[in-house]
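J.: This is the structure, below, for whatever I ask next.
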Amino acid sequence: MYMTMGDRPKGYRRAGSAGHRDGGGPFRWLTYLGFSGAVAAAAVPAWYGLSGRPWLAYSTGLLLTGLVAVISALVIGGWWITVRRYRKIEIFRLLIAGAMLFWGAGQLASGFDAFDGAVGYPSTGDLIAFMSVPIGLLAIGWLPRNSVPTMPGLRVLLDSLAVGAALTILLWRVVLTRSMVDFDAAHLLTGLFVLADCTLFAAILLTAVRDLRSRVWPAALGILGHLIADLCVIVSAQGGGSRQDPWLAATLWCLVWPLIALGIIWFRSSPVGGEEALDRREGSATQVATLVTFACLLGAGLGGGPFSGADARGSVLLTVLLVPLLYLREAMNTHLRLRLITGLRAQAFRDSLTGLSNRRALTTRIDELGRDGIPRVVLTLDLDGFKQVNDLLGHHAGDALLIAVADALLANCPPPAMIARVGGDEFAVLCPGDLDRGSELGERLRTAVAQALALLAPGVGISASVGVGRLVRPDVVEAGRLMGTGTTSAAVVRPGAAAPLPGAEHRDQLTGLVESAAALRAAKESGRDAVQVYDGQVARARERRLHLEHRLRLAITNRTIITFGQPIVDLSTGHLTGFESLARWTDDELGHVPPDEFIAVAEQTGLVVALGEHLLSETLAAATKAGVFAAGLTLSVNASPIQLRIPGYVEQIRDQLDQHRISPDQLIVEITEAILVAEGDPAVSTLAAINALGIGLAIDDFGTGYSALGYLRRLPVQVLKIDKSLTSSLLSEPKTLAIVDGVAQMAHRMGIRVVMEGIEEELEAECCRSVGADRGQGYLFGRPTPWAKAAELVSRSPTIVRG
Ligand code: C2E
Ligand code: CA
Ligand code: CA
């Protein structure tokens, strides 16, 4: 809605510096010369006037003022054309020059007539000169204005005209009509010149309010002089259709035109402060305009003589002009205000990137839907591997993908479906229908989106997963949960009447979308690029997940999750070199929960930070007790990517090591390679800090993720753990053998140790030795065991091998 700094008309700022440049050197001398000439010209009518020859003062005055105005106009025009060649320059400066030219030409024409005899009023020359009035007013419309970009010129013009008209009324009542016998065409025409003067003067004053440093004083002074000259003319005019301007008017005109020309060339906008300051000052300018307008009208009401004759007619005429002006101004501002509000409201409910509805719009719609009995479904669509696109191809490519997805959704979901972007790469569609219809639509959307993605990012392997669920109104969900069913069959209760229940979705405002979200999660877990309907299985999975999260919270608080140690051995000697710490949880209600499952839930809910903290202290204490560190062995701990991105992780490790008096080089932190793709990831600096403490870093599960290897250059890695999927196919797949062989050689040349995971048989171990792997881990050497049992292994371990 608002112009940003970058949107401001080109040359807007530079105008000032260029003004400086133009003001130097030859230009300065030309200015001095011009002003000297103008003073000389001004002296002529003054001389004639003061020496009692008013007719000569008038006729030479006409010619000289015309000449000065024309020359001034030509100077501005020449300057404008020159400057335009190297920068953009506002048109209002040229328009003023145009107005000046007409005025000067009119004066010259009248001057030539005057030498032939008497001049009627208004003469042809006066009509030519009058052309300057509309052109001058037009110029105001192009004065720079920075804030709300809607019709800025018209608003400046209306502000200026309102002030100008009110000022004219004031002058009319207080100054002019005192000397006026009658109100005739001559007065009317000159009155219009006065109106133009006043309006220009107002425009300059308002410009100064908007932008104090814009160097408007020469122009202001010039217009003020011009106004006084016009007033002199009007005061001296006695009606009767003839004209003889007083010498003072001619003298003033000679002086003010060069001054105005200087003002036009000198003017520069140099707004101080940010966008907000600009907006504020423009608001002030409009307020000042209103204030001055009413002050003038008040002055006119109080200050004039009796309201009759010429005064009355002129005042009525001007007031008739002012009223529609004020109305127009008000209408304009109301229109703007309404547009702004409508725009803001639309913005609040729209996603700015795709133009779709946003999360808020969707929740609002769901809230508004009555219980009309119409079945509705919600589809939640999430891109698989979108983060990868952002990381690999950049955010611009990511944005383009999102827009393409939005287009694909729009093309496939006719109204009354509502499409919203509810998260980074997550979209939702709300439409009438049952689950079957939803599943059909989901399949269509998945295909359409896949096609769109394949076009834009071929080969990146990005797809879409869709979850389909019935729309569950929040109040109904609360009731359902209270009943412990998690379904919609339960009675409706007041929203908010339910006690908070454990569960990630409870924090989610989109309570109406739980089914869909749960189905989406199931789709993701079952291998992505799929459509999943919220069925009994998903419902049970969701129930279990909610239950699991609840129990996990308790387990972390009660510190009932423990760790086991799995031995890691030297492949050539078979000697124990250390242990990997693996989390184990047997819950009273859930039974044994595999770490893969609860770590995933912990990561999704943020519990992983507290869990990680607990596991680290638990395992360090247990391993110390088992004599692992005393025997010079190492301990490897797994770190979740989320932990690495939370500040304080490094300090936490350091404190724990201090507390247990463990040497940092006996600890190894394992991280999966999946997190290491993004440049500038906060995890990267955490890893560097960990390494700086002397703690080892291991890349876990190598061969399951990107295997981009580039990170090995960037990160201080000491250990590469080859995933058990590679280990188990070493025997059967020669290609895998070649890959592992190559990776091991490369790692060794970089000083990185290679650990083979999941070795279950002696043959596999043999194979691992043959590719030059250093260490091995797997059931062959020992399953993960309680630390008490691990202690036995430690005590039996023959030598102390570091690393
Ligand atoms: P991981 O880090 O790759 O851990 C190795 C997994 O392979 C362990 O599974 C281990 O029991 C299993 N394993 C070891 N040798 C063999 C073998 O010879 N054959 C087979 N089939 N499996 C073997 P576990 O303990 O179920 O852990 C699974 C994953 O859970 C771990 O994979 C790790 O990513 C995560 N995890 C476990 N404990 C923690 C923890 O304390 N913190 C974090 N952040 N993640 C953990
Ligand atoms: Ca591991
Ligand atoms: Ca692993």
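No lab work stands behind these numbers, since they all come straight from the coordinates. Model, not experiment: these values are computed from the prediction. Virtual Cβ from ideal backbone geometry, glycine too; neighbours counted across all protein chains shown.
J.: For a test of the definition: using alpha carbon positions, the gyration tensor, and the 1.5 limit on a/c, classify the range 56-157 as rounded, prolate or oblate. Before the final figure, lay out each step's value.
T.: On the way: a/c = 4.28, a/b = 1.95, b/c = 2.20.
Here the range 56-157 falls in the oblate category.
J.: Which of the peptides 71-80, 388-397 is most tightly packed, and how do the rest follow, judged by the mean count of other Cβ atoms within 10 Å per residue?
T.: Packing proxy ranking, top to bottom: 71-80, 388-397.
J.: Here is a follow-up. Calculate, for TYR86 and ALA600, the FRET efficiency according to 1/(1 + (r/R0)^6) with r their C-beta to C-beta distance and R0 56 Å; round to the nearest 0.05. Write down the numbers at each step before the final one.
T.: Values: r = 63 Å, r/R0 = 1.13.
So the FRET efficiency works out to roughly 0.35.
J.: Could you give me the radius of gyration and the Dmax of the range 339-417, taking only the C-alpha atoms into account and expressing both in angstrom?
T.: 15.5, 47
J.: If amide H atoms are built 1.01 Å from N in the plane of the peptide, which residues on other chains or at least 5 residues away come under 5 Å of the amide H of GLN532?
T.: VAL466, GLY467, VAL468
J.: Which value, in debye to the nearest 20, gives the size of the charge dipole of the range 66-117 about its Cα centre, when Lys and Arg are +1 and Asp and Glu are -1 at the Cβ?
T.: Values: 5 positive and 3 negative charges, 117 e Å.
Result for the range 66-117 is approximately 560 debye, rounded to the nearest 20.
J.: About the Cα centre of the range 548-612, how large is the charge dipole given +1 on each Lys and Arg Cβ and -1 on each Asp and Glu Cβ? Please answer in debye to the nearest 20. Intermediate values should be presented prior to the final figure.
T.: Values: 4 positive and 9 negative charges, 43 e Å.
Dipole about the Cα centre, nearest 20: 200 debye.
J.: Which lysines does LYS789 reach when only Cα atoms under 18 Å apart count, and residues fewer than 8 places away in its own chain are ignored?
T.: LYS625
J.: Length gain on complete extension for the stretch LEU731 to PHE349, per 0.36 nm per residue less the alpha carbon to alpha carbon distance? Could you put the intermediate results ahead of the total?
T.: Details: separation 382, 0.36 × 382 = 137.52 nm, distance 5.84 nm.
Separation in residues times 0.36 nm, less the Cα-Cα distance, equals 131.7 nm.
J.: Counting helices only, and only those DSSP H runs with n ≥ 4, report the 222 nm mean residue ellipticity of the chain as the sum of -39,500 (n - 2.57) divided by its residues, in deg cm²/dmol to the nearest 500.
T.: On the way: 29 runs with 465 residues, N = 803.
The helix-only estimate for the chain comes to -19000 deg cm²/dmol at 222 nm.
J.: Which percent of the Cα-Cα distances in the range 504-617 go past 19 Å? Mind dumping the intermediate values first?
T.: Values: 3565 of 6441 pairs.
Across the range 504-617, Cα pairs with separations above 19 Å total 55 percent.
J.: Continuing with the same structure: In which sequence would ARG337, ARG796, ARG329 go, from the one with the fewest C-beta neighbours within 10 Å to the one with the most? Working shown, then result.
T.: Working: ARG337 11, ARG796 8, ARG329 21.
With the sparsest Cβ surroundings first, the list reads ARG796, ARG337, ARG329.
J.: Additional query: Could you tally the net charge around PRO416, taking each other residue with its Cβ under 12 Å from the Cβ of PRO416, Lys/Arg +1 and Asp/Glu -1?
T.: Summing Lys and Arg as +1 and Asp and Glu as -1 gives +2.
J.: Also, I was wondering about something else. With just the Cα atoms of the range 582-716, tell me how far they stretch along each of the three principal axes, in Å, largest first.
T.: Ordered largest first, the range 582-716 gives principal extents of 42, 36, 27 Å.
J.: Along its principal axes, what span do the Cα atoms of the range 215-297 show, with the longest given first and each in whole Å?
T.: Principal-axis extents of the Cα atoms in the range 215-297, largest first: 55, 32, 15 Å.
J.: For every other residue with a beta carbon closer than 13 angstrom to the beta carbon of THR293, add +1 if it is Lys or Arg and -1 if Asp or Glu, then tell me the sum. Could the numbers behind the result be given before it?
T.: Working: positive: ARG329; negative: ASP159, GLU330.
Once all neighbours under 13 Å are counted, the net charge is -1.
J.: Could you list which residues have their amide H under 5 Å from that of ARG376, counting only those 5 or more apart in sequence or on another chain, with H placed in the peptide plane?
T.: Answer set, sorted by chain and number: GLY433, LEU471.
J.: How would you rank 27-34, 649-656, 166-173, highest first, on the average number of other Cβ atoms within 10 Å across their residues? It would help to have the intermediate numbers written out before the result.
T.: Numbers: 27-34: 12.6, 649-656: 17.0, 166-173: 25.5.
Per-residue mean Cβ counts within 10 Å order the peptides as 166-173, 649-656, 27-34.
J.: Compute the length gained on full extension between ALA43 and SER284: take 0.36 nm times their separation in residues and subtract their Cα-Cα distance, giving the result in nm to one decimal. Display every interim value, and only then the final one.
T.: Details: separation 241, 0.36 × 241 = 86.76 nm, distance 4.16 nm.
So the extension gain works out to 82.6 nm.
J.: For the chain, what proportion of DSSP beta bridges, expressed in % and rounded to the nearest 5, is antiparallel?
T.: Here the antiparallel bridges make up roughly 60 percent for the chain.
J.: Continuing with this model, one more query. Are there any GluC sites (Glu not before Pro) in the range 695-803 that are in a DSSP loop and have at most 16 other Cβ atoms within 10 Å? List them by number. If you can, show how the numbers build up before the last one.
T.: On the way: sites: GLU757, GLU760, GLU761, GLU762, GLU764, GLU766, GLU792; in loops: GLU757, GLU760, GLU761.
Those that pass, being in a loop and sparsely packed, are GLU760, GLU761.
J.: Rounded to the nearest 0.05, what FRET efficiency is calculated for ASP434 and VAL209 with R0 set to 51 Å and r the Cβ-Cβ distance?
T.: With R0 = 51 Å, the Cβ-Cβ based efficiency is 0.20.
J.: Checking the cross-link filter: which lysines have an alpha carbon closer than 20 Å to that of LYS387, excluding same-chain neighbours under 8 positions apart?
T.: Within reach: LYS524.
J.: Work out the length of the dipole vector of the chain about its Cα centre, built from +1 on the beta-carbon of each Lys and Arg and -1 on the beta-carbon of each Asp and Glu, and round it to the nearest 20 debye.
T.: Numbers: 72 positive and 75 negative charges, 547 e Å.
Magnitude of the dipole: close to 2620 debye.
J.: To make sure I understand, if each residue's beta carbon is the centre and we count other beta carbons within 10 Å, what order do TRP253, TRP787 fall in, fewest to most? Intermediate results must be reported in sequence, preceding the final value.
T.: Details: TRP253 30, TRP787 23.
Taking fewest neighbouring Cβ atoms as first place, the list is TRP787, TRP253.
J.: Given the peptides 725-738, 49-62, 99-112, arrange them by the average over their residues of other C-beta atoms within 10 Å, most packed first.
T.: Values: 725-738: 15.7, 49-62: 19.0, 99-112: 23.2.
So the peptides 725-738, 49-62, 99-112, ranked by packing, come out 99-112, 49-62, 725-738.
J.: Indicate the gyration tensor shape class of the range 683-732 (rounded, prolate or oblate), computed on the Cα atoms with a ≥ b ≥ c the square roots of the eigenvalues: a/c under 1.5 is rounded; otherwise a/b larger than b/c is prolate and the rest oblate. Intermediate values should be presented prior to the final figure.
T.: Numbers: a/c = 3.37, a/b = 2.23, b/c = 1.51.
Since a/c reaches 1.5 and a/b is larger than b/c, the shape of the range 683-732 is classed as prolate.
J.: Report Rg/Rh for the range 562-627, rounded to two decimals, where Rg is the Cα radius of gyration and Rh the Kirkwood radius. Before the final figure, lay out the partial values.
T.: Values: Rg = 14.2 Å, Rh = 13.4 Å.
Rounded to two decimals, Rg/Rh equals 1.06.
J.: For the range 701-803, what value does the Rg/Rh ratio take when both radii are computed over Cα atoms and Rh is the Kirkwood radius, given to two decimals? Kindly include the intermediate steps, with their values, before the conclusion.
T.: Numbers: Rg = 14.6 Å, Rh = 14.7 Å.
A ratio of 1.00.
J.: Now a separate question. Among TYR649, GLN718, ILE599, which residue has its Cα furthest toward the positive end of the charge dipole of the chain, with +1 on Lys/Arg Cβ and -1 on Asp/Glu Cβ?
T.: Of the options given, the answer is TYR649.
J.: Turning to a different aspect of this structure: Put +1 on the Cβ of every Lys and Arg and -1 on every Asp and Glu Cβ in the chain; which of ALA109, LEU445, SER526 then has its Cα farthest towards the positive end of the dipole?
T.: Result: ALA109.
J.: Toward the positive end of the charge dipole of the chain, about the Cα centre and with charges on Cβ (Lys, Arg +1; Asp, Glu -1), which of GLY355, GLY467, GLN388 goes farthest?
T.: Value computed over the given set: GLY355.
J.: For a quick check: sort SER236, SER636 by the number of other beta carbons within 10 angstrom, fewest at the front.
T.: Listed from fewest to most nearby Cβ atoms, that is SER236, SER636.
J.: Just from the alpha-carbon atoms, what are the Rg and Dmax of the range 319-369 in angstroms?
T.: That works out to 18.0, 55 Å for Rg and Dmax.
J.: With θ set to phi - 60°, apply the Karplus curve 6.51 cos²θ - 1.76 cosθ + 1.60 along the range 211-226 and write out the HN-Hα couplings as whole Hz, x wherever there is a Gly or Pro.
T.: 8, 4, 8, 7, 6, 9, 4, x, 5, 4, 4, x, 5, 4, x, 5
J.: May I pose another question? What ratio of Cα Rg to 2.2 N^0.38 Å holds for the chain?
T.: Working: Rg = 42.1 Å, N = 803, 2.2 N^0.38 = 27.9 Å.
Against the compact-globule rule of thumb, the ratio is 1.51.
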